[in-house]
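Visitor: Structure incoming, see below.
The values are calculated or read from the model by the stated rules, or taken from the named source; none is laboratory data. Computed from a predicted structure; not experimentally measured. With ideal geometry, Cβ positions are generated from the backbone for all residues, glycine too; neighbour counts draw on all protein chains shown. Heavy atoms of the whole protein, side chains included, go into the accessibility calculation; ligands, DNA and RNA do not. Shrake-Rupley method; radii C 1.70, N 1.55, O 1.52, S 1.80 Å.
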Amino acid sequence: MMSLRFEFFDSNKHSTSFSDFVDTTYGSSFFLKSEKYIQWWFGNLPSPRSSKKPNILLAINKDEIIGMNGVILTPLCGHSTIKTIGWLANTMVKAEYRNRGLGMLLIKKSVEKLELSGSISFKPAARNILEYLQYQISKRQMRRSIIIIDKDKFLSFSNSLIHDTKVKSSKPSINSIVAREISGSNIEIVSSIWEQCKFRYGITTDRTKDFFLWRYINHPEGKYYFLVPPTDSPKSVAILRIEHVANRNLKIARIVDVFGFENQIFPLLESLESWLATKEICYGDFFCNRTPDEEAFEASNFFWMTEGSEGSIPFLFQPLTLGVSYSEGIAIKTSKDLSIDQMYITRGDSDRDRPVINHA
């Protein structure tokens, strides 16, 4: 018989039991073993976050943690009234307590005070729970755009998985214009570009200075690069990190965000390609649900993978997972008149984006 209660994670009270829970459900090397990461990912952003404790709701039976659900709060723009979205992250129940509705209860309790909540990159098994809770499920998963920098290395790494002729016909750019890096001390340049062009992207994460500082610059483990075309007054930005594929001489660029003025995206992508070549990147990818910049991507050496083929090129690298089912679904729930099709969602919004210590 269970004596169930719900509490928000408190390191002074729950650390030992929570560590045991993570070991049992995720493994001893999972990122939730790091309290520093927990405090950053689920903790306070200057705005709109208000909770002093991490937004991790725990289900506790007696003194044992048997389930959890995290919520990552980020600022929203483009909607007349909704200013915050809560992204579901790490919904998990111990094996012996599953199939009792506890996961659904954790999600429901976690988001009951939010006007808008969402989930990205959920596994197929989670779809039934989200549908039951009346989340709007996107008809398609996240789109994936690829750019190949070192074709020989790429094909030796992935050839048996590739069916897309665009991969085999891709050609390296001869462009010598290299993107310029923007340092964290000059982040106002990036936030200013966003303020000028955000009207193009509909309802989306508001990329304020505080957001950039929290999400990328002050990341506790990973290094992110802010890249712009090499001009005095840039009007477009790409944000990425570099992953090293364990036990292989490969580096992958994970582009987590791209934004800017319409006629400035193509020069950004061209100069970005040259920058990736200087870093000896094998290939790069960019995930989004939709973008007003599709034509700029198509005009560059990026190409969109056809729907259903996104997983034919590995999309998880730490560790490298070959043949894993592609699961980059999107779901949202709100009482307002709002559709996923109105939103611009990138990998920067996804809980999949978990860099490890980076020495690039």
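Visitor: Condition (residue is of a type in the set (A, V, I, L, M), in contact with a Leu (Cβ under 9 Å, 6 or more places away or on another chain) and open to solvent by less than 10 Å² (accessible area, probe 1.4 Å)) applied to region 220-234: is it met by at least one residue?
Guide: yes
Visitor: Determine whether region 77-95 contains at least one residue that is in a loop (DSSP other than H, G, I, E, B), under 23 Å from Phe287 (Cβ atoms), basic (Lys, Arg) and open to solvent by 80 Å² or more (accessible area, probe 1.4 Å).
Guide: Taking every residue of region 77-95 in turn, none turns out to be in a loop (DSSP other than H, G, I, E, B), under 23 Å from Phe287 (Cβ atoms), basic (Lys, Arg) and open to solvent by 80 Å² or more (accessible area, probe 1.4 Å).
Visitor: Restricting region 131-142 to residues that are in contact with a helix residue (DSSP H, G or I) (Cβ under 8 Å, 6 or more places away or on another chain) and either part of a loop (DSSP other than H, G, I, E, B) or open to solvent by less than 10 Å² (accessible area, probe 1.4 Å) (or both), which is modelled with the lowest pLDDT?
Guide: Gln141
Visitor: Read through the list (1) open to solvent by 20 Å² or more (accessible area, probe 1.4 Å); (2) modelled with pLDDT under 95, then give the number of the only condition that Gln196 fails.
Guide: Here Gln196 meets the rest and fails (2).
Visitor: Sticking with this structure for a sec: Looking at region 44-59, is at least one residue in contact (Cβ under 8 Å) with a residue 24 or more places away in the chain, open to solvent by 20 Å² or more (accessible area, probe 1.4 Å), touching a Ser or Thr at 6+ places or on another chain (Cβ under 7 Å) and in a strand (DSSP E or B)?
Guide: no
Visitor: Under 7 Å by Cβ, and 6 or more places apart or on different chains, what pairs join a residue from region 263-288 that is farther than 20 Å from Glu243 by Cβ with one that is among the hydroxyl-bearing types (Ser, Thr, Tyr) and assigned to a strand (DSSP E or B)?
Guide: Gln264/Ser236; Ile265/Ser236; Leu268/Ser236
Visitor: Now, a different point. Which one of these is touching a strand residue (DSSP E or B) at 6+ places or on another chain (Cβ under 8 Å) and not in a helix (DSSP H, G or I): Glu280, Glu273?
Guide: Exactly one of Glu280, Glu273 is touching a strand residue (DSSP E or B) at 6+ places or on another chain (Cβ under 8 Å) and not in a helix (DSSP H, G or I), namely Glu280.
Visitor: Another question about this same structure. Do we find a residue being crowded, with 19+ Cβ neighbours inside 10 Å, within 25 Å of Tyr225 (Cβ to Cβ), touching a residue at least 60 places away in the same chain (Cβ under 8 Å) and touching a Ser or Thr at 6+ places or on another chain (Cβ under 6 Å) anywhere in region 329-342?
Guide: Checked against the condition, which is being crowded, with 19+ Cβ neighbours inside 10 Å, within 25 Å of Tyr225 (Cβ to Cβ), touching a residue at least 60 places away in the same chain (Cβ under 8 Å) and touching a Ser or Thr at 6+ places or on another chain (Cβ under 6 Å), region 329-342 yields no hits at all.
Visitor: Testing Phe122 on (1) open to solvent by less than 20 Å² (accessible area, probe 1.4 Å); (2) at pLDDT below 95; (3) closer than 22 Å to Lys33 by Cα, one condition comes back false. Which one is that?
Guide: (1)
Visitor: Would you call Asp351 open to solvent by 10 Å² or more (accessible area, probe 1.4 Å), within 17 Å of the chain's Cα centre (by Cα) and modelled with pLDDT under 95?
Guide: Judged against the criteria, Asp351 is a match.
Visitor: Which members of region 253-268 meet the condition of being among the aromatic types (Phe, Trp, Tyr) and either surrounded by fewer than 23 Cβ atoms within 10 Å (Cβ to Cβ) or part of a helix (DSSP H, G or I) (or both)?
Guide: Once the filter is applied, which keeps residues that are among the aromatic types (Phe, Trp, Tyr) and either surrounded by fewer than 23 Cβ atoms within 10 Å (Cβ to Cβ) or part of a helix (DSSP H, G or I) (or both), region 253-268 yields Phe261, Phe266.
Visitor: Out of region 269-291, which residues are out of contact with any Lys or Arg (no Cβ under 8 Å at 6 or more places or on another chain), closer than 25 Å to Arg140 by Cβ and buried (at least 24 other Cβ atoms within 10 Å of the Cβ)?
Guide: Result: Leu269, single match.
Visitor: If Leu106 satisfies every condition in (1) at pLDDT 95 or above; (2) farther than 15 Å from Phe21 by Cβ but one, which is the exception?
Guide: The number of the failed condition is (2).
Visitor: Checking the conditions here, which among Ser145, Ser110, Ser119 is within 22 Å of Val71 (Cβ to Cβ) and either within 18 Å of the chain's Cα centre (by Cα) or not in a helix (DSSP H, G or I) (or both)?
Guide: Criteria check complete, one pass: Ser119.
Visitor: Filter region 292-302 for residues that are under 20 Å from the mean Cα position of the chain (by Cα) and surrounded by fewer than 19 Cβ atoms within 10 Å (Cβ to Cβ) and give the result.
Guide: Pro292, Glu294
Visitor: Would you confirm whether or not region 321-328 contains a residue that is in contact with a strand residue (DSSP E or B) (Cβ under 7 Å, 6 or more places away or on another chain), hydroxyl-bearing (Ser, Thr, Tyr) and under 30 Å from Lys83 (Cβ atoms)?
Guide: Checked region 321-328: no residue is in contact with a strand residue (DSSP E or B) (Cβ under 7 Å, 6 or more places away or on another chain), hydroxyl-bearing (Ser, Thr, Tyr) and under 30 Å from Lys83 (Cβ atoms).
Visitor: Are any residues in region 172-206 under 19 Å from Pro229 (Cα atoms), part of a loop (DSSP other than H, G, I, E, B) and not small (Gly, Ala, Ser), and if so, which ones?
Guide: Scanning region 172-206 gives Pro172, Ile174, Asn175, Ile177, Val178.
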